[in-house]
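Step one of this worksheet: look at the structure below.
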């Protein structure tokens, strides 16, 4: 006896049309359980005239440094920068969502445009919606730009829909290594008024160098973005860590063939 599903009793083809046997080849519906190609930390800092962000250009396939030219700082609209760490395919999906959002907004030609808080609210809803469907976007995102009142804006949202704001933020490994360095300049709201652009840039460069030393999934080539309070947005690409030195490595004990 033939027990295959295709040969069970079914509606007549001359009445309901030909039977589609392809339905038996459909597999179960699955969700992505973990990211595959990922980018590491994004760091950001407020200063007296805006916000500064940095992210390296590496996309890792597990422990393999697979792509060394992946840009993870995205300009959105006229005066907003979005920095994304985590899964690169989800990064590309988010970039497409934001592009559609800006195109739709610009259709109106009403003199208004989306600012950083609007982009941030949109992303927070997208991330929480996907989390609620048990199909999260495997990313953590920093949004930087200007508030409606002209002040600097910097906020965070992750794959669980968790949102918060601070004068200094970082994702990935940077949350452990870069944040203490950045908080030497800005540890509380209002401290950014005392920090100049050159001091902020020095702290960003130093943090990216430390991350290259200590984060096995980072690169010594990175991009730096700046959003000033007058609305100017600049992105400097292919910045290299300067004055690199591995002399400290000779003092590390407990690994390899080194002896005390």
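Just to be sure before I move on: is residue 101 surrounded by 23 or more Cβ atoms within 10 Å (Cβ to Cβ), farther than 24 Å from residue 208 by Cα and touching a strand residue (DSSP E or B) at 6+ places or on another chain (Cβ under 9 Å) in the structure I sent? Considered against the rule, which asks whether it is surrounded by 23 or more Cβ atoms within 10 Å (Cβ to Cβ), farther than 24 Å from residue 208 by Cα and touching a strand residue (DSSP E or B) at 6+ places or on another chain (Cβ under 9 Å), residue 101 comes out as no.
Screening residue 79 against (1) under 25 Å from residue 206 (Cα atoms); (2) surrounded by 15 or more Cβ atoms within 10 Å (Cβ to Cβ) leaves a single unmet condition, (1).
Looking only at the range 105-112, decide whether some residue is touching a strand residue (DSSP E or B) at 6+ places or on another chain (Cβ under 9 Å) and either surrounded by 22 or more Cβ atoms within 10 Å (Cβ to Cβ) or not in a strand (DSSP E or B) (or both). No, the range 105-112 has no match at all.
Under the condition of being without any contact (Cβ under 8 Å) to a residue 40 or more places away in the chain and on the phi < 0 side of the Ramachandran plot, the residues counted in the range 180-203 number 10.
Filter the range 103-136 down to residues that are over 24 Å from residue 224 (Cα atoms) and touching a residue at least 40 places away in the same chain (Cβ under 8 Å) and give me whichever is farthest from the chain's Cα centre (by Cα). Per the criteria, the residue is 134. Residues in the range 161-195 that are in a helix (DSSP H, G or I) and closer than 12 Å to residue 207 by Cα: 174, 175, 176, 177, 178, 179, 180, 181, 182.
Screening 34, 70, 92 for residues that are at pLDDT 75 or above, closer than 18 Å to residue 141 by Cα and surrounded by fewer than 10 Cβ atoms within 10 Å (Cβ to Cβ) leaves exactly one candidate, 34. Just one of the numbered conditions (1) more than 30 Å from residue 247 (Cβ to Cβ); (2) modelled with pLDDT under 95 is not true of residue 155: (2).
Taken together, 81, 74 contain a single residue that is in contact (Cβ under 8 Å) with a residue 40 or more places away in the chain, closer than 17 Å to residue 39 by Cβ, in contact with a strand residue (DSSP E or B) (Cβ under 8 Å, 6 or more places away or on another chain) and not in a helix (DSSP H, G or I), which is 81. I'd like the full set of residues that are closer than 18 Å to residue 199 by Cα, touching a helix residue (DSSP H, G or I) at 6+ places or on another chain (Cβ under 8 Å) and part of a strand (DSSP E or B), limited to the range 37-52. Within the range 37-52, 43, 45, 46, 47, 50, 52 meet the criteria.
If only residues of the range 200-226 that are in contact with a strand residue (DSSP E or B) (Cβ under 7 Å, 6 or more places away or on another chain) and part of a helix (DSSP H, G or I) are counted, the one that is surrounded by the most Cβ atoms within 10 Å (Cβ to Cβ) is 208. If I filter the range 113-160 down to residues being out of contact with any strand residue (DSSP E or B) (no Cβ under 7 Å at 6 or more places or on another chain) and closer than 19 Å to residue 39 by Cα, which single residue comes out as surrounded by the most Cβ atoms within 10 Å (Cβ to Cβ)? Going through the qualifying residues, I end up with 137. Flag set for residue 172, criterion: touching a residue at least 40 places away in the same chain (Cβ under 8 Å), on the phi > 0 side of the Ramachandran plot and either out of contact with any helix residue (DSSP H, G or I) (no Cβ under 7 Å at 6 or more places or on another chain) or surrounded by fewer than 17 Cβ atoms within 10 Å (Cβ to Cβ) (or both).
Which count do you get for residues in the range 137-160 that are closer than 15 Å to residue 51 by Cβ, part of a strand (DSSP E or B) and without any contact (Cβ under 8 Å) to a residue 40 or more places away in the chain? Qualifying residue count for the region: 2.
The values are calculated or read from the model by the stated rules, or taken from the named source; none is laboratory data. Keep in mind it's a predicted model, so treat the numbers as computed, not measured. As a convention, Cβ positions derive from the backbone with ideal geometry for all residues, glycine included, and neighbour counts pool all protein chains shown.
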